[in-house]
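The values are calculated or read from the model by the stated rules, or taken from the named source; none is laboratory data. Keep in mind the model is a prediction, meaning the values are calculated, not measured. Backbone-built Cβ (ideal geometry, glycine too); neighbour counts: all protein chains shown. Protein only, heavy atoms only, side chains kept; ligands, DNA and RNA dropped before computing areas. Shrake-Rupley method; radii C 1.70, N 1.55, O 1.52, S 1.80 Å.
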Amino acid sequence: MQFETDLTALTVAEQFFLWLRANMMDIIGGIAVLVIGLFISGLISRWVKKGLSRADRLDPSIASLFSSLVKYALWALVLVTVLTQFGIETTSIIAALGGMALAVGLALQGTLSNVASGVMILVQKPFKVGETVSVGPILATVQAIGLFTTELKQPDGLFVMMPNNELWNKPIINFNRHPVRRFELVVGIGYGDSMEQARNELLALAAADDRILDDPAPVAFVNSLDDSSVGIGLRVWCNTFDYLALSWDLTEAAKAKFDETGITIPFPQREVATRQLD
């Protein structure tokens, strides 16, 4: 925009109104670009969010994140366009904003790392809300997944908030991802008891429990030869939902069955020999 600047004889107000009249079309054009640009930015942002929300593999948080990024990027483009419309040199402004963005990025490096990890968690989905996971020393159920942190609830009811960066950089064990799980029970019997009988009794317990799957079939075996006992193992498969209750019930049933049939579960024993010195 250009206008005559030799206006020393006029007051400031008169100079302003003269400038306004000379550049009225440019001002109207800039305002129109701003209004239309913001409207189109919001419209495109909603389209992006709606389109991503239809994808089954994407979490709703991802759709909101990307739609917001698109909206802010379009806002920046509209702002630069409006400044150009008014004849303002935007190169230096863009360079300054870039420097500020770099400084903020370095200052918030840890925070941005959590955001990046949060995006990866939402995209890759190593766990979902309601699933039980083990990460390092933490065993808990996922309550909420955010861009910065993930909220967990331990079995004893304690609340845990873990930064997403720590979650993403450690092995994650998901106890609910697969529909079936294997349970292994090992019971020690005396060396004088029948190993075959113990295996048959454990297999009979497995056959009597409807929660235990037929495929893969239950397997009983000699697991170990310990100092005071012979370890008899039983491996069975069950639905993940039944795992915890089955582990409790099968352990109790094995102890009761061995007591009933006379199979001993010995305590640790140690022989001590004494020698009298002359």
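Worth a mention:
- The numbered conditions (1) within 27 Å of Gln124 (Cα to Cα); (2) in a loop (DSSP other than H, G, I, E, B); (3) hydrophobic (A, V, I, L, M, F, W, C) are all true for Ala217 except (1).
Matching residues to (1) closer than 13 Å to Asp193 by Cβ; (2) surrounded by fewer than 16 Cβ atoms within 10 Å (Cβ to Cβ); (3) within 35 Å of the chain's Cα centre (by Cα):
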| position | (1), (2), (3) |
| --- | --- |
| Leu213 | no, no, yes |
| Phe221 | no, yes, no |
| Val230 | yes, no, no |
| Leu246 | no, no, yes |
| Asp249 | no, yes, yes |
| Arg270 | no, yes, no |
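- All positions within the range 111-147 that are hydrophobic (A, V, I, L, M, F, W, C), part of a loop (DSSP other than H, G, I, E, B) and surrounded by fewer than 14 Cβ atoms within 10 Å (Cβ to Cβ): Val129
- The range 251-268: number of residues that are over 18 Å from Val230 (Cα atoms) and open to solvent by 100 Å² or more (accessible area, probe 1.4 Å): 2
- Residues located in the range 148-168, provided they are in contact with a Ser or Thr (Cβ under 9 Å, 6 or more places away or on another chain), assigned to a loop (DSSP other than H, G, I, E, B) and among the hydrophobic types (A, V, I, L, M, F, W, C): Phe148
- When Met195 is tested against (1) at pLDDT below 95; (2) closer than 30 Å to Val272 by Cβ; (3) surrounded by 15 or more Cβ atoms within 10 Å (Cβ to Cβ), only condition (1) is not met.
- Any hit, the range 196-212, residues being under 30 Å from Pro266 (Cβ atoms) and part of a strand (DSSP E or B): yes
- Considering (1) surrounded by fewer than 12 Cβ atoms within 10 Å (Cβ to Cβ); (2) under 36 Å from the mean Cα position of the chain (by Cα); (3) not aliphatic (A, V, I, L, M), the lone condition that Thr240 does not fulfil carries the number (1).
- Residue check for Thr274: open to solvent by 80 Å² or more (accessible area, probe 1.4 Å) and either β-branched (Val, Ile, Thr) or modelled with pLDDT of 95 or more (or both): yes
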